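Here the structure is laid out as structure tokens; the discussion comes afterwards.
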Amino acid sequence: MSVSLDIEGNLVYDTWYNSGGMVSTRRDSLHHTDPNNLYNYVSSAGFTPEEYGIMHPLTGRYKSHTREQLLQEITELQQALDNWHQYGGG
């Protein structure tokens, strides 16, 4: 099944993902980088997940942060990335 809308405009998709083994996994529990993660799956089908109440898995991690905390986090991450590039990481 792919992602689609029903007659009432509700998003319809497979809740479970099976990679071919005996075990199925809920899409919303897959790692946020997995293309079969619910957010990525819906997005890759051309839908905007947020319009259907599906938030990116990392959203919750920063939900309670203030603007200043977010800017600090971004600055620290950018500095780490710059250092990584500068000292042979890429």
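Taking segment 59-84 as the search range and keeping residues that are loosely packed, with under 10 Cβ neighbours inside 10 Å and of a type outside the set (S, T, N, Q), which one is farthest from Arg26 (Cα to Cα)?
The qualifying residue farthest from Arg26 (Cα to Cα) is Glu68.
From (1) in a helix (DSSP H, G or I); (2) of a type outside the set (Gly, Ala, Ser); (3) over 14 Å from the mean Cα position of the chain (by Cα), pick out the condition that doesn't hold for Asn40.
(3)
Of everything in segment 1-37 that's among the small types (Gly, Ala, Ser) and assigned to a loop (DSSP other than H, G, I, E, B), which residue is modelled with the highest pLDDT?
Gly9
From the set of residues in segment 1-28 that are surrounded by 12 or more Cβ atoms within 10 Å (Cβ to Cβ) and polar (S, T, N, Q), which is nearest to the chain's Cα centre (by Cα)?
Thr25
The values are calculated or read from the model by the stated rules, or taken from the named source; none is laboratory data. These figures come from a predicted structure and were not determined experimentally. For neighbour counting, all protein chains shown are included, and Cβ atoms are generated from backbone atoms with ideal geometry for every residue, glycine included.
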